[in-house]
Amino acid sequence: MRTDNRGTGVAPCPRRAFLRTLGAGAMGLAFSGAAGSAPAKPLRGVFPIGQTPLTESDKLDLECLQAEVKFCNRFKVHGFAWPQIASGWASLSEQERLEGAEAILAAGKGGATSLVIGVQSKDGDAAKSVMYARHAAKNGADAIVSLPPEKAGDQAMIEYYKTIGAATQLPLIVQSQGDMSVDLIAEMAKQIPNMKAVKDEAGNPLARVGQIIERTGGRIAVFSGNGVRTMIDEMRLGFSGHCPTTVLADFYAATFDLWHAGKRREAFDMFGRIQAMNSIPGAAGYLMVVRGIFQETTKVRAMSVPGGGPGGGFGGGNAGGGRRPAPLDEAGKKAIRDAWDEFMKPYLRG
């Protein structure tokens, strides 16, 4: 009897082996570099969605935004994307988005972390998205990503993404939502030459990833979102990348690297540390302070809902959600610091 490499006595499924082969091809996709530029960066790994820090007066805090990028470069995180849903993008002004993108790209210049700029517009205005895309390209972005226009039909959505894709030579990442079908994603991949990835949050991504890989011949990298709560299964099924938030992005990146180096038990353990740390009330927010990325007084723009406003502070405010848990008292903060020092800090790889 043929056995798999875990000695289960079960022969590997030929179709799954085929999809893993295609997925491996997608894992090798790289961002396009202009002639004479630095080597292209791979379109794979952990690409956290940056949070949007605010000052005490609710102004965009460019220094803290840059600190997120510097953190990712220091701790070997593969990529960084901003602004998207977890960034509260819909409540950002045009000036804030342009200044934020410039700050991010300046902070990451020369680093290994791939920088992806969100170019969607509030009203689905393709011309506005083209402006954001060209601004990103001009300032040194490695790729662009866009949420879909609301309530657009399939053809209108294809035209929207074709327009954005044609605006620059940067790789385009399509964010799927709602009822965007595998058929639609496959058709986009045919019609948009520089569409290199999809961040799939439509339907059941775990059930769709194999279909997307197969239908696109492995040409399109598939990224996960939704908090990356199912990362072990995502990697097993062939996802090329994962989009958590910033605070433990280095631990997600370590999980990814271990898994793809064949060290699956170590990867499983590393992901378990993430889950355990996130189970501590307030940890997801306050760790941004513990790790020196944000200040105690930093506020965070709430997860995007059109018309949404500023979020809460890091005394216990939610790191990107619309609701706020009870503020952390000093005992709660100490519990998080102690857990960090004992259970997480020994596994840093920076």
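The values are calculated or read from the model by the stated rules, or taken from the named source; none is laboratory data. Bear in mind that the values here come from a model prediction, so they are computed numbers and not experimental data. Glycine gets a Cβ as well: all are built from the backbone with ideal geometry, and neighbour counts include every protein chain shown. Keep in mind that these areas ignore ligands, DNA and RNA; they rest on the heavy atoms of the full protein, side chains included. Shrake-Rupley method; radii C 1.70, N 1.55, O 1.52, S 1.80 Å.
Here is how the numbers come out for the structure above:
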read-out	value
Long-range amide H partners of residue 195 with built H, under 5 Å	172
Nitroxide proxy distance, nm - points 7 Å out along Cα→Cβ at residue 207 and residue 330	5.2
Per residue, the convex hull volume that the Cα atoms of the range 39-163 enclose (Å³)	110
Straight-distance crosslink candidates among lysines, where the alpha carbon sits under 17 Å from residue 59 and sequence neighbours closer than 8 are dropped	299
Residue-span extension gain [residue 123 to residue 93] - 0.36 nm each, minus C-alpha spacing	9.5 nm
Those lysines that a straight Cα-Cα span of less than 26 Å connects to residue 199, excepting residues fewer than 8 apart in one chain	41, 70, 76, 109, 122, 128, 138, 151, 162, 190, 263
Residue-normalised accessible area of the range 168-303, given per residue in Å² at a 1.4 Å probe	37
Extension reserve of the residue 233-residue 279 stretch, reckoned as 0.36 nm per residue once the Cα distance is removed	14.6 nm
Spin-label proximity, residue 260 to the range 172-210 - amide N less than 11 Å from point 7 Å beyond Cα toward beta carbon	none
Heavy-atom accessible surface of the range 245-304: percent carbon and sulfur, 1.4 Å	53
